[in-house]
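Trainee: My structure is below; once you've seen it, I'll send some questions.
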Amino acid sequence: MTNELIDGVAIKELKRIADERGYVMEILRCDDENFNKFGQSYITTCYPGVVKGWHYHKKQTDFFVCVKGMIKVVLYDKRENSLTKGKINEFFTGEQNPVLIKVPPLVLHGFKTIGSEMAIVLNHPTLPYNHKSPDEYKLPYNASDIPYNWEIKMG
């Protein structure tokens, strides 16, 4: 693992503005430094202990944030001509650490719900989902050519 971000990956720490009514949290704005374009918004859920990964996109960039629960997000750079080829980024994000993660095309990514409740992830990809020809390419969570183990790291 490395603290160096994979080339093209960006992190935006999110800030809650709270008062006695609750809070508001801006996630993605069209004037953000790393904003590309809007394709669609959707949510996905994940039960505790489940790994959703690996997958990547050839065209779209993902901008996602865990808005409920906590997840471990893992990115792997397998791009042949990348300056960060072979790098892994690991993030622990959700209600206790809200961040927006930008994942560029061809970077493998996945996440695992950590904790005891279902996680809800909000994604704003740069392209709408094409049901006839999806820009989504999947590998098994335990793919042997990805040097990552999803098990909890005790220590």
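Trainee: In nm, what is the difference between 0.36 nm times the number of residues separating residue 43 and residue 118 and their Cα-Cα distance?
Mentor: Contour length minus the Cα-Cα distance gives 25.7 nm.
Trainee: Full extension from residue 21 to residue 85: what is 0.36 nm times the residue separation minus their Cα-Cα distance, to one decimal in nm? Before the final figure, lay out the partial values.
Mentor: Numbers: separation 64, 0.36 × 64 = 23.04 nm, distance 4.60 nm.
The span from residue 21 to residue 85 would gain 18.4 nm if fully extended.
Trainee: Which entry in [x] 8.9; [y] 13.0; [z] 10.6 is this structure's computed mean projected area of the Cα convex hull in nm²?
Mentor: Only one option fits the structure, namely [z].
Trainee: Within a 10 angstrom radius of the beta carbon, how do 31, 135 rank from fewest other beta carbons to most?
Mentor: Ranking 31, 135 by Cβ neighbours within 10 Å, fewest first, gives 31, 135.
Trainee: Which order do 56, 141, 23 fall in if you start with the one that has the fewest other Cβ atoms within 10 Å?
Mentor: Numbers: 56 24, 141 17, 23 9.
Taking fewest neighbouring Cβ atoms as first place, the list is 23, 141, 56.
Trainee: Using the basic label-point model (7 angstrom from Cα toward the beta carbon), what is the residue 3 to residue 92 distance in nanometres?
Mentor: Between residue 3 and residue 92, the simple spin-label model gives 1.6 nm.
Trainee: Please arrange 66, 46, 30 by counting, for each residue, the other beta carbons lying within 10 Å of its beta carbon, fewest first. Don't skip to the answer; put the middle values down first.
Mentor: Working: 66 28, 46 18, 30 8.
Exposure proxy ranking, most exposed first: 30, 46, 66.
Trainee: If you don't mind, there's one more thing I want to ask. In the structure displayed, which of 52/72; 78/153; 58/78; 58/85; 12/58 lie more than 18 Å apart, Cα to Cα?
Mentor: Details: 52/72 10 Å; 78/153 23 Å; 58/78 12 Å; 58/85 16 Å; 12/58 23 Å.
Where the Cα-Cα span goes over 18 Å, the pairs concerned are 78/153; 12/58.
Trainee: Based on alpha-carbon centroids, what's the gap between the stretch 90-141 and the stretch 1-77 in Å, whole number please?
Mentor: 7
Trainee: How about the stretch 73-121: which GluC sites (Glu not before Pro) there are in a DSSP loop, with at most 11 other Cβ atoms within 10 Å of their Cβ?
Mentor: Working: sites: 80, 90, 95, 117; in loops: 80, 95, 117.
Counting only loop positions with at most 11 other Cβ atoms within 10 Å, the GluC sites (Glu not before Pro) in the stretch 73-121 are 80.
Trainee: Could I ask something else about it? Only loop residues by DSSP count here, and only those with at most 15 other Cβ atoms within 10 Å; note down the GluC sites (Glu not before Pro) in the stretch 1-69 that meet that.
Mentor: Details: sites: 4, 13, 20, 26, 33; in loops: 4, 20, 26, 33.
Answer by residue number: 4, 20, 26, 33.
Trainee: List the relative contact order of the stretch 48-155 as a percent without decimals, with contacts defined as Cα pairs under 8 Å and 6+ residues apart.
Mentor: 42
Trainee: I would also like to ask the following. Once label points are set 7 Å from the Cα along Cα→Cβ at both residue 154 and residue 142, what is their separation, rounded to one decimal in nm?
Mentor: Going from the residue 154 label point to the residue 142 one covers 1.9 nm.
Since every read-out is calculated from the coordinates, none of them should be taken as a lab result. Owing to the predicted nature of the structure, the values given are computational and were not obtained by experimental measurement. Don't worry about glycine lacking a Cβ; one is built from the backbone with ideal geometry, like all the others, and counts go over all protein chains shown.
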